[in-house]
Amino acid sequence: MHTDPLPPFHRWAAVFEWEDAALGGGATTEDLARRYTLLACTPAQVRAALLYHRARMDDQRDEALHRAYGLAHNRLLQLYVLAVSCLTRRGRAMVVLDPDDLTFSDVLLDGLREVRRLEDGDVSRVEVEYRLLEALHYDQYASGDHSSAIVTAKEMLLLATLAQVPRSMATARRYYQSAIAQAGRYHEDLTERQRTLRSLRPDDPARLKERKGLAIAQLNVGDLRGALDTAHAAPQLPIHQTLAQAVVGIFEPDAQNHFVDRGLGWIAECLWHLARIDSVPPWRPLDRRALATAALCIIREHNQRRALTDRAFLAWLEARARLEAGEYGLARHLVQSVAPIDAEDLLTRTLLGGARLDLALTDQAYQTQTVAHSEDELRQIFALARSLRHGSPSGLADILQRWHPRAAAYMALCPQPVPELLGASEAVLKCHRRAEVYGVVLPPAVALDEALRRYDLPTVAERPGSNARFQRQRLLVRRGTLDYWRPVVLAAPLAAALRSVRSGTHDEAAARLDAEFGSVPGQVPVGTEALVEALRLAIAQKDERGTSLLH
């Protein structure tokens, strides 16, 4: 066993060097802790407590801290013990689950102000300040104050750098990475993880953890291709590959094998149920609703998740299922009640923005916010994605078109359209001499039914055995293992929404939309004249209601 003289405790870096040498010489963490406990001084007892904590020997840790405080003969040593006591107790409970659990941020901040006026003594003043910051970081992180936790981690990193303590520098950087990820600062997180990966050896086991975090960060800034490439580079990350495809509704044959993953499998499974809804034809509403219910069951199992980013994404998942089920009031409540999230959480912001615009375009739903507000919200999200080095507005466009095709089509046809969404206008039905969507000509009965269904009017072509039902399969495409009915968006509701904004440019865009796409199919089946007239009346009433609203 290592028998060199004990380190000078007032030299922070030297203590770590001594311990590393002892461990390299065959000593165990517990051996070192016991040796420290034989010394009747506060710094040695605190080091013992930290080592016992690392070894998960909590009773011995608490006894060492008790002895340490009894031996503390000045304020610097007292603050040292208090900081380590706080950080070791909080360190394994990174979320405050008990509402009666105490936080100590105010006490720790007072301690920081005090220690900065003290001089070095038996222990380095800088180390005591670092330990107080570490305890404060834990407290901020556990209570969900991730923005403050980021700042505190940066302070720790600066202190450790100035003191030239590599191990504490590495610890502070890990805290910083964790906090920016939890805060939803995914672009910052992505940049930091790429820097870390470049510094690690190819055989370093830490690379896998960094790749996991990198794939999630890439996904959350819309970089689907980057997330897939990162996951493919590490065969141990199958769930990350599955999730990167699931966010656009694509599932490979083995996808369901990965739903058991404890961390991310439930998200992929929930998206799987939502994606399968669009595999069911519109004339089977009960089957579609059953899949929405299956997604809601999964969401209820995970509604205890406390991270801010989790809660916001959960709100969108549930809102999307509620929209499918026609529960517009609940969907409205969900997207309204989401707490503000970081600007770099582009994936969740895009999905929530799409849901809000969808609700604004829905007759049966009270608006969560005006069409104009929703339009500006989505435009700003895509502008930020373009400005970020690793942002991917094209990936966000794919995601929005998959889950909120009507909102995407609106953003393609409004004044100042989002360039990455221009392709979404292919989903809008052209209703002139012949009905056409996605370059596919639809039979008159199918085209008329698409319009009638949008206004909750009786349909004519969806009876069992109908030839029109067979012809509608022209809109069926394959995505991974799922068939997918390409969505059909009507121009008339989009034009009404544009006119509701009450601006000259929006009125002009509505007029162009009417002229280019029309509102009622030009060719209709014989005997449907009454339905066509009812459709025209419904469109006119919707237009009138939209322009009469105050915005």
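At 222 nm, what value in deg cm²/dmol follows for the chain if DSSP H runs of at least 4 each add -39500 (n - 2.57) and the sum is divided by all its residues, to the nearest 500? Each step should come with its number before you reach the end.
Numbers: 26 runs with 344 residues, N = 551.
Value at 222 nm, helices only: -20000 deg cm²/dmol.
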Rounding to the nearest 10 and keeping the result within 0 to 90°, find how far the Cα-based axis of helix 529-548 lies from the longest principal axis of the chain. 50 degrees
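Rounded to the nearest angstrom and ordered from largest down, what semi-axes does the equivalent ellipsoid of the stretch 430-548 get from its C-alpha gyration tensor (root of 5λ)? Could the numbers behind the result be given before it?
Working: eigenvalues 140, 65, 31 Å².
Calculated on Cα positions only, the semi-axes equal 26, 18, 12 Å.
Could you tell me which of rounded, prolate or oblate describes the stretch 212-421, using a ≥ b ≥ c as the square roots of the eigenvalues of the alpha-carbon gyration tensor, with rounded for a/c under 1.5 and, failing that, prolate when a/b is larger than b/c and oblate otherwise?
oblate
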Give the residue list of trypsin sites (Lys or Arg not before Pro) in the stretch 196-269 that are DSSP loop and have at most 12 other beta-carbon atoms within 10 angstrom. ARG262
Which of the listed residues, LEU482, THR505, LEU537, is farthest toward the dipole's positive end in the stretch 430-548, when Lys, Arg count +1 and Asp, Glu count -1 at the beta-carbon? LEU482
Quick check: from the Cα gyration tensor, does the stretch 319-421 come out rounded (a/c under 1.5), prolate or oblate? prolate
Angstrom value of the Kirkwood radius, inverse mean 1/r, which spans all Cα pairs in the chain: 26.8 Å
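Just to confirm a number: summing +1 for Lys and Arg and -1 for Asp and Glu over residues other than TYR438 whose beta-carbon lies under 12 angstrom from that of TYR438, what do you get?
Working: positive: LYS430, ARG474, ARG486; negative: GLU426, GLU436.
Residues close to TYR438 contribute a combined charge of +1.
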Determine which lysines satisfy two conditions relative to LYS209: a Cα distance under 23 Å, and not lying fewer than 8 residues away in the same chain. LYS154
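Relative to the Cα centre, what is the charge dipole magnitude of the chain, using +1 at the beta carbon of each Lys and Arg, -1 at the beta carbon of each Asp and Glu, and rounding to the nearest 20 debye?
Working: 68 positive and 69 negative charges, 180 e Å.
Dipole about the Cα centre, nearest 20: 860 debye.
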Give the aspartates and glutamates whose C-alpha is closer than 15 Å to that of LYS542, dropping any in the same chain fewer than 8 places away, or say none. ASP363, ASP456, ASP514, GLU533
Taking Cα atoms, how many degrees apart are the long axis of helix 12-24 and the longest axis of the chain, rounded to 10 and kept between 0 and 90? 90 degrees
Cβ density ranking, 10 Å radius, fewest first, applied to LEU6, LEU334 yields LEU6, LEU334
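Please sort by residue number the trypsin sites (Lys or Arg not before Pro) in the stretch 94-190 whose DSSP state is loop and whose Cβ has at most 14 other Cβ atoms within 10 Å.
Working: sites: ARG113, ARG116, ARG117, ARG125, ARG131, LYS154, ARG167, ARG173, ARG174, ARG185; in loops: ARG116, ARG117, ARG185.
Here the sparse-neighbourhood loop sites are ARG116, ARG117.
Normalized C-alpha radius of gyration of the stretch 12-183, against 2.2 N^0.38 Å? Let's see the in-between values first.
Values: Rg = 15.5 Å, N = 172, 2.2 N^0.38 = 15.6 Å.
The reported ratio for this selection is 1.00.
Here, each number is a calculation from the coordinates, and none is a lab measurement. All of these numbers come straight from a predicted model, not from anything done at the bench. Note: ideal-geometry Cβ built from the backbone for every residue, glycine included; neighbour counts use all protein chains shown.
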